[in-house]
Structures are given as structure tokens and as C-alpha cells.
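Visitor: There's a structure below that I have some questions on.
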Amino acid sequence: IAGITQAPTSQILAAGRRMTLRCTQDMRHNAMYWYRQDLGLGLRLIHYSNTAGTTGKGEVPDGYSVSRANTDDFPLTLASAVPSQTSVYFCASSATGEYTEAFFGQGTRLTVV
Amino acid sequence: QKEVEQDPGPLSVPEGAIVSLNCTYSNSAFQYFMWYRQYSRKGPELLMYTYSSGNKEDGRFTAQVDKSSKYISLFIRDSQPSDSATYLCAMSAVNKVIFGPGTSLSVIP
């Protein structure tokens, strides 16, 4: 089934550890996004990529990094996790940077202890 | 002031009721207005989107945008238990999209 695959689905991580959340899409979308979702705050954009080889910072980029080596993959790395990064992380993609329709993955539930 | 405001609810209605969900925003640069539905422990899925002001209907769902008032609405007619979910409004301009915090809706059989 076409769509976005995120891995892992959930993770408990010790503070200070490094972690990479994986995201792969098979729809050949140019634009990809990483959001975090927290109760009462909604979805907040962490980083985005309008096309392979380019990335940009969103609303809450600190503590996170991304890369876009090819069209399909957009991994999100936490270099040194902190408890405030406990959240549900969603990867999304869209056909263009104008953001008409975005398709979301199932999310990764991350708990930093 | 947040760029997008949305009453988080929770909202509980009986089956068959008309539901009205609303968002207000402050940035006049927003051009695309979207409603996403998110079931528990799932990713959001696009329900409807409109460009600029006006109405758009799709089955039991109607989206309205009033740019002069910076106000958008989603109406659900003949609500069903399967409509129970969190509904997020979203708005976008070039290279920018902002989501509301979502309204939790429960439709009681």
C-alpha cells in the first residue's frame, strides 16, 4: 500500500542518547515534513524539505537535524535527547511546496526518560 | 496571540446532530485552508481543503472560509459515531503551514 512508513512506532530513550526516527515515502512527493504533536499545542513543524538535497527549519528546530539524500527518505535525528522531546512525531509528504494535501505517517511515540 | 486558535473541546453530540467546528487566525497571508481528521493513535488525514474565501461541500461535510473575518468553519451534517475523532484546522502560505491544536469530537449513538 502506497504511503508513508515511520519507524519505530514507539521508543523509550534515555536522556543524552542519540536517536534517528526513520521516514520513507513511496509516492515520489517532492516535499517532506517532520512535526511533533503535543497535547494542547497541536502539530508543530520541526524541519521540512521541499526537494531532495534541500532542508529548512520549521517552528521548533532546536535539538533536531534532518537530511534528504534522496526523494524517498527523510530521517530525523535527535543528537542528545532531552525529556522535553517526549512527544509523538509525525512525518508527512506533499506533492509540492505549496502544501495542498499532505499525507501523514502513523507517528512515532517517543518517551525520553 | 497564536496564529491559529481553535477550541480544543471536547465536544460531545448525539448521533444525527449538526456539528460546527471553528478556527480563527491572524495572518492574512494564509491562502489554503484545510481540515484534517485524526483518529486516536493515528496520523492526521486530509478531509477537505479550500483556497481563499467561500464554501466547499463534500457529502456530509461543508467547509467555509471567511477571509474578511479570518474565520473558518467545518460543518458535519447527520453526524455518525464514526465521525468521533480530533479535527485539526490548518492554514498555509508559501513555505509555511500552521495547524490548530485540534477539537476532540465524540458522537454518541
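Visitor: Leaving out ligands and nucleic acids, and using a 1.4 Å probe, what accessible area per residue does the protein assembly as shown come to in Å²?
Guide: Details: 10400 Å² over 222 residues.
Counting only protein heavy atoms, the per-residue value for the protein assembly as shown is 47 Å².
Visitor: Quantify how strongly other chains surround peptide A:40-53 by giving the mean number of their Cβ atoms within 10 Å of each of its Cβ atoms. Intermediate values should be presented prior to the final figure.
Guide: Values: counts 3, 4, 13, 11, 2, 4, 0, 0, 3, 0, 1, 0, 0, 0.
Rounded to a whole number, the mean comes out at 3.
Visitor: Over all pairs of distinct alpha carbons, what does the Kirkwood formula give as the hydrodynamic radius of chain A, in Å?
Guide: That comes to 13.9 Å for chain A.
Visitor: Give, as a single signed number, the net charge of other residues whose beta carbon lies under 13 Å from the beta carbon of residue B:38, with Lys and Arg counted +1 and Asp and Glu -1. The partial results should precede the final answer.
Guide: On the way: positive: B:37, B:41, B:42; negative: B:45, B:83.
So the environment of residue B:38 carries a net charge of +1.
Visitor: Given N residues in chain B, what is its alpha carbon radius of gyration divided by 2.2 N^0.38 Å? Before the final figure, lay out the partial values.
Guide: On the way: Rg = 13.3 Å, N = 109, 2.2 N^0.38 = 13.1 Å.
Compared with the compact-globule rule of thumb, chain B sits at 1.01.
Visitor: Through the Karplus equation 6.51 cos²θ - 1.76 cosθ + 1.60, θ set to phi - 60°, convert the phi angles of region A:68-85 into ³J(HN,Hα) values in whole Hz; use x for Gly and Pro.
Guide: Running phi through 6.51 cos²θ - 1.76 cosθ + 1.60 with θ = phi - 60° gives 9, 6, 8, 5, 7, 10, 8, x, 10, 10, 9, 5, 8, 5, 10, x, 5, 8 Hz.
Visitor: Need one number: % antiparallel among DSSP beta bridges in the protein assembly as shown, to the nearest 5. It would help to have the intermediate numbers written out before the result.
Guide: Values: 73 of 81 bridges.
Bridges in the protein assembly as shown that DSSP calls antiparallel: roughly 90 percent.
Visitor: Tell me which aspartates and glutamates have Cα within less than 13 Å of residue B:56's Cα, excluding those fewer than 8 residues away on the same chain?
Guide: B:66
Visitor: Would you mind counting up the charge near residue B:79? Only other residues with Cβ under 10 Å from its Cβ, with Lys and Arg at +1 and Asp and Glu at -1. Show your work: numbers first, answer last.
Guide: On the way: positive: B:60, B:77; negative: B:15, B:78, B:83.
Charge balance near residue B:79 sits at -1.
Visitor: Taking the Cα centre of region A:19-108 as origin, work out the dipole magnitude from +1 charges on Lys and Arg Cβ and -1 charges on Asp and Glu Cβ, in debye rounded to 20. It would help to have the intermediate numbers written out before the result.
Guide: Details: 6 positive and 8 negative charges, 29 e Å.
Magnitude of the dipole: close to 140 debye.
Visitor: Give me the Kirkwood hydrodynamic radius of region A:36-102, using the inverse of the mean 1/r over all pairs of distinct Cα atoms, in Å to one decimal.
Guide: Working: mean 1/r = 0.0779 Å⁻¹.
Hydrodynamic radius (Kirkwood, Cα only) of region A:36-102 equals 12.8 Å.
Visitor: Direction-averaged shadow area of the convex hull around the Cα atoms of the protein assembly as shown, nm²? Don't skip to the answer; put the middle values down first.
Guide: On the way: hull surface 48.6 nm².
For the protein assembly as shown, the mean projected area of the Cα convex hull comes to 12.2 nm².
Visitor: Something else about it: Between exposed trypsin sites (Lys or Arg not before Pro) in chain B, where DSSP calls loop and at most 15 other Cβ atoms lie within 10 Å, what's the longest gap? Each step should come with its number before you reach the end.
Guide: Numbers: sites that count: B:2, B:41, B:42, B:60, B:67, B:77.
It runs B:3-40.
Visitor: Taking each residue in B:43-52, count the Cβ atoms of any other chain within 10 Å of its Cβ, then average. What number comes out?
Guide: Details: counts 15, 9, 4, 6, 0, 0, 4, 0, 2, 0.
Per residue, the number of nearby Cβ atoms from other chains is 4 on average.
Visitor: May I pose another question? Residues of region B:76-109 with accessible area at least 30 Å² lower in the all-protein-chain context than alone (1.4 Å probe)?
Guide: B:95, B:97, B:99, B:101
Visitor: So what's the gap between the Cα centers of region B:60-82 and region A:37-82, to the nearest angstrom?
Guide: One Cα centre to the other: 31 Å.
Visitor: Further, regarding this structure: Need one value for A:29-35: mean number of C-beta atoms belonging to other chains within 10 Å of its residues' C-beta atoms.
Guide: Details: counts 0, 0, 1, 0, 1, 0, 4.
For peptide A:29-35, the averaged partner shielding equals 1.
Visitor: Let me ask another. Percent of accessible area on region A:1-93 owned by carbon and sulfur, 1.4 Å probe?
Guide: Working: 2260 of 4410 Å².
Exposed carbon and sulfur together represent 51 percent of the surface.
Visitor: What are the ³J(HN,Hα) couplings of region A:5-11, residue after residue, when phi is run through the Karplus curve with 6.51, -1.76, 1.60 and θ = phi - 60°? Round to Hz, x for glycine and proline.
Guide: Values per residue, Gly and Pro as x: 10, 10, 8, x, 7, 8, 7 Hz.
Visitor: How about residue B:42: which aspartates and glutamates have a C-alpha closer than 20 Å to its C-alpha, ignoring those fewer than 8 places off in the same chain?
Guide: Straight-distance partners of residue B:42: A:26, A:38, A:101, B:83.
Visitor: Can you pull the Kirkwood radius for region B:34-88, inverse mean 1/r over Cα pairs, to one decimal in Å? The partial results should precede the final answer.
Guide: On the way: mean 1/r = 0.0837 Å⁻¹.
With all distinct Cα pairs of region B:34-88 included, I get 11.9 Å.
Visitor: Provide A:77, A:20 ordered by accessible surface of protein heavy atoms (probe 1.4 Å), highest first.
Guide: Numbers: A:77 20, A:20 55 Å².
Putting A:77, A:20 in descending order of accessible area: A:20, A:77.
The values are calculated or read from the model by the stated rules, or taken from the named source; none is laboratory data. The model shown is predicted, which means the values in this text are computed figures rather than measured ones. We place every Cβ from the backbone using ideal geometry, glycine too, and count neighbours over all the protein chains shown. Accessible surface areas use protein heavy atoms only, side chains included; no ligands, DNA or RNA. Shrake-Rupley method; radii C 1.70, N 1.55, O 1.52, S 1.80 Å.
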